[in-house]
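Encoded as structure tokens, the structure appears first; notes follow it.
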Amino acid sequence: MFIKLAAPSLFLLAAMAGPAVADPLPEAIAAPGETAVLSVHAEGAQVYECKAGTDGKLAWAFREPIATLLSEGKTVGHHYAGPSWELADGSAVVGKATGNAPGATAADIPWLKLEVASRRGSGVLSPVTTVQRINTHGGKLEGSCDKGGEFKSAPYSADYVFLKKG
């Protein structure tokens, strides 16, 4: 019984080591006075929908992310529309973008700073107040779309750093 309960806790503690954080971060996404609770790597896709813009022309519009959150090559959670992050321990947060900085190349989605707008469950993400998306690779969708309602995805990877005040 102890092993069953201890294993998930140890696994999440191991996940806290996570990927390296770029130093220094761009000012627009920095979170001075906050400390890291967890860092994970994400592999997935940015999903886009073909929609008419304000000018009436069809264009790809961002719809939602779909990604697996990984630590040391093992799945620890998922990232999805909201934007939401949910861990295997049942804790989850939803963020609202408050800052961004360009990715390393034109094909990379921007780095983001997101304030936690809501949370649920009890676990590692419970004290989190800020989420940073850094080290992005890919995710931007180029080209035109011809049929409204059509979906297309662009593979991406990123690191997410979950922070708390103090």
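The values are calculated or read from the model by the stated rules, or taken from the named source; none is laboratory data. From a predicted model like this one, the values you see are computed outputs, not experimental measurements. Glycine gets a Cβ as well: all are built from the backbone with ideal geometry, and neighbour counts include every protein chain shown. Areas reflect the complete protein model, heavy atoms only, side chains present, ligands, DNA and RNA absent. Shrake-Rupley method; radii C 1.70, N 1.55, O 1.52, S 1.80 Å.
State the number of residues belonging to the range 45-63 that are at pLDDT 95 or above and at positive phi.
Counting residues in the range 45-63 that are at pLDDT 95 or above and at positive phi gives 0.
Of everything in the range 87-109 that's open to solvent by 40 Å² or more (accessible area, probe 1.4 Å) and in contact (Cβ under 8 Å) with a residue 24 or more places away in the chain, which residue is nearest to P26 (Cα to Cα)?
Just the residues of the range 87-109 that are open to solvent by 40 Å² or more (accessible area, probe 1.4 Å), to begin with: 88-89, 96-98, 100, 102, 104-107.
With in contact (Cβ under 8 Å) with a residue 24 or more places away in the chain added as a condition, the list becomes 88-89, 100, 104, 106-107.
On the way: A88: 30, D89: 31, N100: 9, A104: 12, A106: 17, A107: 19 Å.
Only one residue fits best here, namely N100.
Looking at (1) surrounded by fewer than 21 Cβ atoms within 10 Å (Cβ to Cβ); (2) in contact (Cβ under 8 Å) with a residue 60 or more places away in the chain, which is the only condition S122 fails?
(2)
Of all residues in the range 108-136, count the ones that are closer than 15 Å to P83 by Cβ and assigned to a strand (DSSP E or B).
Residues in the range 108-136 being closer than 15 Å to P83 by Cβ and assigned to a strand (DSSP E or B): 16 in total.
Return the residue satisfying two criteria in turn: it lies in the range 125-150 and is of a type in the set (S, T, Y) and without any contact (Cβ under 8 Å) to a residue 60 or more places away in the chain, and of such residues it is least open to solvent (accessible area, probe 1.4 Å).
Here is the first cut: in the range 125-150, the residues of a type in the set (S, T, Y) are 126, 129-130, 136, 144.
With the extra rule that they be without any contact (Cβ under 8 Å) to a residue 60 or more places away in the chain, the set shrinks to 126, 136.
Working: S126: 40, T136: 9 Å².
Ranking the qualifying residues of the range 125-150, first place goes to T136.
Where residues in the range 69-86 are over 11 Å from the mean Cα position of the chain (by Cα) and assigned to a loop (DSSP other than H, G, I, E, B), which of them is surrounded by the most Cβ atoms within 10 Å (Cβ to Cβ)?
E72
Report whether or not I66 is assigned to a strand (DSSP E or B), open to solvent by 50 Å² or more (accessible area, probe 1.4 Å) and touching a residue at least 24 places away in the same chain (Cβ under 8 Å).
On the way: assigned to a strand (DSSP E or B): yes; open to solvent by 50 Å² or more (accessible area, probe 1.4 Å): yes; touching a residue at least 24 places away in the same chain (Cβ under 8 Å): yes.
For I66, the condition - assigned to a strand (DSSP E or B), open to solvent by 50 Å² or more (accessible area, probe 1.4 Å) and touching a residue at least 24 places away in the same chain (Cβ under 8 Å) - is met.
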